[in-house]
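Reviewing the structure listed below.
Every number in this text was worked out from the coordinates using simple rules, so none of it is lab data. Given the structure is predicted, the values throughout are model-derived calculations rather than measurements.
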Amino acid sequence: MFGGTRRAAKQVARLATLYGQAVRSSDMTLFEHVRDESFELTERLFQTVAAGGDPRPLIDVARLSIACELGANDWRRTAIVGFGLGAGVGALAIREAGPEVDDRLIPPGVLYRMADVVAYSAHRAGWAQMGVMMIETITSCRVGDQMLERAVERLAATADGQAALRDALAAQRHLIEEVRGEPLPAPESATVPDGTLAARVTSMLADDLRKIRSAAASGGSYHLEHPGTYAFQAAAVSGRTLLYVIAGPRAGAVIKVGTRLDGSAESLELPGLGFEEVEKALDGIRTAPRGRTSRAARLHEVLTRVGAAVWGPVLERWPELAAEPVAVVPVGETALLPLFTAITSETPVCATIDLTVVPSARGLLLASSIPAGQAAGQAEALVAGDPSMAGPHRPLTQVHHEVAEVADVYRVPPVVLGEDGAPPFPELLDRLLSAGTLHLACHGVIDHSRPLASTLVLGPGLSLRDVWTRRFASAPLAVLSACDVGGIGDRHPGEQLGFPAVLLASGARSVIGALWPVPDSPDLVRLMRGLHERITGRLAGRLGGEPSNVALGREIGALHRDGVSPSVWGPFSHMGAA
C-alpha cells in the first residue's frame, strides 16, 4: 500500500483483506460487495484528488477495483476505474514535479499490466481515445523523457499549476459520470461509437489540438498538459500513424491514431495476443535451442506467429498502412516481442513497411522535433567496440572485424577498448556524447530487477543510469550491436525502461538494438556494414542515403532473402524517429 491519508488507507486495506477472503472461499456475495464498494471508493477518492488531495490511496484502490471488475468481466467499469488510476498516477507525477517518480512512491511492479488491462478494457468498451490517454498517463512516470519533464516542471512551477491539475481532473470526473448509460459495442468493433463519451473526450482534446494547429501556423510550439494528447500531436508532427499494441487477459487489441490532428482513434481486436500467447512467444525465444538449424527454425516459428497475431489482422483491417509511415507503441510485455521483424506474407514486415517502434508518443514527439540532418551529417561518427568477456560471456571474436568494417564506411578510425591507442574511458564518453552517428559493439547485460543497472560492457561499463544523467549534443543515430539491450527488463515491462527509451530521452533521434542475444558471427558484421552503407548512401548502385529505419528494414529483408538465419536479424528493432 502507498499509505496516504490514514482513513483512506484503512478503507483500502480492509477491502483488500475482504477481497482475499472472497477469492479464497469463492464467496460471490462477498466478492460483489467488495467490487461495488471499491468502485464507489475509487470514485470518491477520484473527487478527492481532483480537489488537490493525496493521489496514492486512489492508485491503491483503483488497482483493487480493476481486479474485481476483471473478475466480473465488466469492461466498462474496468476502463472507468483505469481512467481513475491514470488520473492518480498523473497527479502523483505532477506533485513530485520530476522526470521520474521515486520507487518509494510507486514501487517497481505496482503498475504491472495495469496499462495493458485498462487499455484493452477501453477497447472492449468502444473507447479507443480513452485507451490512448490511459496508456500515455499510466506509463508516464518511468520513461522520464524530456517532453514530459518540461511539461511537469512548467505546470508545477506556476502559481496556478495545481488549479490547472484540478480543472483537468474535474473534466475527467464529469466525463466518467456521463458514460454509464452508453451501450457496449461488439468486441470486434473497430470504431469509437458516437455518443456522450466520444463527444466529451473530443471536447477535452479540442482546445489542445486547436492550440497546436495555431502554434504550428505561427511557427511556434505548444507544450501539452494532458499526456493523452501527446499521441495525436506525435502522429501529426511525425507524419506516422501510431499503433498501440496491447496484450489483454484473453485477447489483445491495437489502437490506431492517424495523422489528422482531429483527436480520433480506432481499435481492433487481436485474438492471438492474449497474455498467455505473449508468454508462449517469449518463452519460445528464451528456450530456443543452441543448434544453428534448430534455433533458426524456432525463431522463424515465433516471428511468423507474432506476424499472424499482430500484422495479419492490422493489414487486413487497414491495408493502406502498407504504404504509409507507421510507428508502433508496444504496451507492457509486447515491447519484448519482435514487432519490427515479425514475418507476414513470408517477409519481415520491416522490409515492406516504413516502420519504427517507440516507447511512447512523447518519445516519438521528442525525437521527431530534432531536424533529421542534425542526427547524421553534422558531427563525426564514433565506432567503438570492446571484445572482452563479461561475467559468464566469452570474448567476442568478431568485434575487431565489425568496428573496422563500420568505421571504413564513415572513413573514421575505429576504437577498440583494451588496445594500445584507445582513449581513456572519460574521453571516450565525451566523444560518445558528441558523436553524430554512434556504433557500439560489445556485450550487453540486462538487469531485470534493477533496469537502471543494465550495462553496455565498454571498458569499466556504461550503465543505463550513466546514460540517464547525460545529454547528447548532436542528436545521434545510436546503433547498439550488443545482446539484449534493445529491449527492456522482463520483470516490470510496463515501465518501458531500457536503453532505447533512455537514449531517446537523452537526445538521440534514433536507436537500433537487439531484443535478445545475437550471434558473434560474420553474418552480424555483414548486417552492420550493410546497414551503415544504406544510411550513408555508399551501397553500390544507390544515390543518397536511406532513413535509418528503412535502411535497417531493407538490409534485414536482403539477409532474409539470402537465407541468413533469423538469429542474426530477428532480434533487431529500430526505435525513435527515422
> Which three lengths, in whole Å and largest first, does the stretch 1-66 cover when its Cα atoms are put on their principal axes?
Replying inline: 38, 18, 16
> Each residue of the stretch 318-329 in turn: what ³J(HN,Hα) in whole Hz from Karplus with 6.51, -1.76, 1.60 and θ = phi - 60°, glycine and Pro shown as x?
Replying inline: 10, x, 5, 5, 4, 10, 10, x, 10, 10, 8, 10
> What Kirkwood hydrodynamic radius do you get for the stretch 273-331 when you take the inverse of the mean 1/r over all pairs of distinct Cα atoms, in Å?
Replying inline: 13.0 Å
> Rounded to a whole number of µm²/s, how large is the Stokes-Einstein D of the stretch 318-468 at 10 °C and 1.306 mPa s, given Rh as the Kirkwood radius over C-alpha pairs?
Replying inline: 88 µm²/s
